[in-house]
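To keep things clear, I will list the structure first and then write my remarks on it.
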Amino acid sequence: MKTRHIILGLGLMGAALTAVVGAIGWGALDRVGAAVERSTVANNATQEATLGDMMHEGLRGDVYAALYHAQRGQADGVASAQKEAQAHGQAFVARVAALRALALPADQAQAAAALAPIVQRYADMGMALTRQAGGDPEGAQRALAAFDALFEELATVQDALIQRIEAHQRETQAQAVTTQGLASRAMLLAALLGTVALSALAMAVARHLMRTLGGEPTEVRRLLHRVADGDLSMRVPVRSGDERSVMAGIGDMVAHLRGTVQAVRDNAAGLSGAAQEVSAGSGDLAHRTS
């Protein structure tokens, strides 16, 4: 396999591992986000239901306060109780409406829908009783039994809904914590696997390049420059059993060049000796013929 193919494969593998880790991370965060959203809805539902329960108790207190002040002829007290009853009644209805507007589970949504008309009747009756207490306290007192019965009915329905909401809140919080833990472990595992895989691939590429070059790239470049400059005196470090690397090729090339240079020198020396012999023979012949 060519080096460029190996490097290209390493890059593609890195991109694939990055995509896998990113996908795992995105999926984990998406699950955590969904769990947090469910937990937030459950928290808001608990808050609305609890505040509604406070309005439930508050409105009853306003009715009794209005009757108490009416019996003692305290008009200011009755007026104050009427004002408080108006605020508590409207707030109670608004809390139930806000509760129903949340993305509740089906069973809680049905229970909240069943609760809404009871709350409306209770708020209307409570506000009406405080107004009646100001002009007809005896009539308001007679109607108090029906109001108390509605109070108990509302308490039963509302308490059951609150318990269901609180149980769901605890469940969603536990699920959110579990999901977060699983997501963290999944992302950590994916990151570790990706790191190990990329490290293994990088080491494999490094070993392949070292086997191909037979030495450090800087050393190979330095030796090639010395050969190009005509320096054949160097010793080429070739590892034992290495016959195919670039370094081994440089060693063979240097050895061949040394042999070639030595052969040229030997031939030059032979030619020089032959020329000397020819010159000496020519001189001797000239001497004899003179």
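In table form, for the structure just shown:
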{"item": "Failed condition for residue 172, given (1) out of contact with any His (no Cβ under 9 Å at 6 or more places or on another chain); (2) modelled with pLDDT of 85 or more; (3) surrounded by 15 or more Cβ atoms within 10 Å (Cβ to Cβ)", "result": "(2)"}
{"item": "Flag if residue 209 is touching a residue at least 24 places away in the same chain (Cβ under 8 Å) and surrounded by 11 or more Cβ atoms within 10 Å (Cβ to Cβ)", "result": "yes"}
{"item": "Close pairs from region 114-131: first within 21 Å of residue 80 (Cβ to Cβ), partner of a type in the set (Val, Ile, Thr) and part of a helix (DSSP H, G or I), Cβ under 6 Å, at least 6 apart", "result": "123/93; 126/63; 129/63; 130/63"}
{"item": "Criterion: assigned to a loop (DSSP other than H, G, I, E, B) and crowded, with 21+ Cβ neighbours inside 10 Å - qualifying residue of 99, 129, 104", "result": "104"}
{"item": "Matching entry among 172, 179, 130 (being of a type in the set (Val, Ile, Thr) and within 28 Å of residue 65 (Cβ to Cβ))", "result": "130"}
{"item": "Test result for residue 156, surrounded by 13 or more Cβ atoms within 10 Å (Cβ to Cβ) and either assigned to a helix (DSSP H, G or I) or of a type outside the set (Ser, Thr, Tyr) (or both)", "result": "no"}
{"item": "Residue in region 133-148 that is out of contact with any Lys or Arg (no Cβ under 9 Å at 6 or more places or on another chain), closer than 27 Å to residue 97 by Cβ and surrounded by fewer than 12 Cβ atoms within 10 Å (Cβ to Cβ) present", "result": "yes"}
{"item": "One residue from 126, 25 being modelled with pLDDT under 90 and among the small types (Gly, Ala, Ser)", "result": "25"}
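The values are calculated or read from the model by the stated rules, or taken from the named source; none is laboratory data. Just so we're clear, the structure is a prediction, and the values are computed from it rather than from any experiment. Here the Cβ is made from the backbone with ideal geometry for all residues, glycine too, and neighbour counts use every protein chain on show.
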